Every structure is written in C-alpha cells, then in structure tokens.
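Remarks on the structure that follows.
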Amino acid sequence: MSYLPSPEEKAAYVNRMFAEIAPRYDLMNRLMTGGQDVAWRRELIGLCDLPPHGSLLDVGTGTGDIAKEALRQHPGITAIGCDFTFEMMAAGRRPTADGEPLASQLATRNSQPHFSQGDALHLPFPDNYFDGVTSGFLLRNVTDLSAALREQVRVTKPGGRVICLETAPPSQVMLGPAVRFYMFRVLPVLGKLVSPRGSAYQYLPNSTRAFPEPDVLALKMERAGLKNVFYRRKMLGTVAIHVGTV
C-alpha cells in the first residue's frame, strides 16, 4: 500500500519546494509553456471585468505575475498578491536601486502589487472585500480544493468574479500520448537543467495528472457558490481558465 501524506505534510512539502525553486520559477514557466502563460494571464485579467479603482486579490500569487498584469491593464486599481511561501513573493519584488530618483521609485511602487503572506484555506481578508479574485496554478497544490474555492468566494463582492487558471489532466485521445510524454519525460529533464531543485518538476506534472477535469472543477466552483461558470481550454487542452460570478 502506497503512503499518502497528511494535509500538513503536503502543505509543508509544497511550501519548501516553492521556496527552493523561487529564483527560477518565472523562467521555468516561460520555458514550459513556450511563453504562452503571458497571454493566459492577459486574458485572465481581461475576464475579471474590474471596475475603475477596483480591487483584485491574486491567491497563491507566487512572484505576483497575475497581479502585475492587472495593474498593467488597470493602473487605478489596488492589487494584492497573497501567498504562503515568502520566498516566492520576495523573488517577485523589484528592488529599488540606490540613488534611483524618487519619481522612479514612486512609479515602481504604483506598478507593483501589495504582497501579503497567507494561507489559501484561511485568507486574511474580510468578507465581500474584492471586486475580483484570481489564482494561477494554485488549486492543484492545496490540501482542500473545495475549502480554497469557498474562501475565494467569501472574500469576493457580490457580482464580482473568481477566475482560476489551472492545469488539466492530459487527454487520453488524439495528442494525449505526446502531451504526456512532454509533461512526464521532457519537463523533469528541463527542470533539472534550469532549476536548483529539478525534482519539483516531477511533482508538478504528477499534480496535474491527479487534478480534476475541467468539467469537474467547474462543478466544484458551482458548489462553492459561484454561478454562470464557464471555462476556456488552452495549450492542447492541458490548461483551462475557469470563470465564475459570485
């Protein structure tokens, strides 16, 4: 019988893993997706339908790429990135150079999200607080998927949107074998070459294989309290953007 880690053990492992791969995380994302992840984030923020001077929370923000894209598209909003791995958020902060003009420092601050360390299962924010809540490749790593979705719904204002960019299990038909070969053979080798902890890129494809199909995730989003749920598949069906309204 194979050993299944407890939720606490999985959380500790994921936290440690992301802390170790933080310095090369963005580079690996570009390499793994051929740069398509940039377009996915752009599309994700476009689907948020944020009001002027609204607020966005990005859960499991990592280096803050989604929150930064939100500020690029909507300079007047407040964007907060929340993650329980401090090292990932630290890697996403742009350091201010000594002697940099004050105007440049202020411009940098206004284009950077606020970072907040927190647990996706117990978000440190009040109810009905944000106009939109996003996450990118977070849900496959949480220990309780339904609880994470309920938390995102809880902190979203009525009428606001919850949008999740997630992986999907590779299909068993058509290009499925080629996709599985890339995910389970090529990515681990690429990870060993680029990242200080290549073993993380064995865990990540396996977490995709165990993750629910898009139809199942859409149903879970509805059960968490979202309505008008839909999704768009990307990258040969291995990624999907899920959208729901509170």
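Observations
- Fewest-first ranking of Asp65, Asp58, using other Cβ atoms within 10 Å as the exposure measure: Asp65, Asp58
- Neighbour counting of Cβ atoms within 10 Å sorts the residues Cys82, Cys48, fewest neighbours leading, into Cys48, Cys82.
- Charge tally around Pro158: other residues with Cβ under 13 Å, Lys/Arg +1 each, Asp/Glu -1 each, net +2.
- Among Ser135, Ser146, Ser116, the order by Cβ neighbours within 10 angstrom, fewest to most, reads Ser146, Ser116, Ser135.
Here, each number is a calculation from the coordinates, and none is a lab measurement. Bear in mind that the values here come from a model prediction, so they are computed numbers and not experimental data. Glycine gets a Cβ as well: all are built from the backbone with ideal geometry, and neighbour counts include every protein chain shown.
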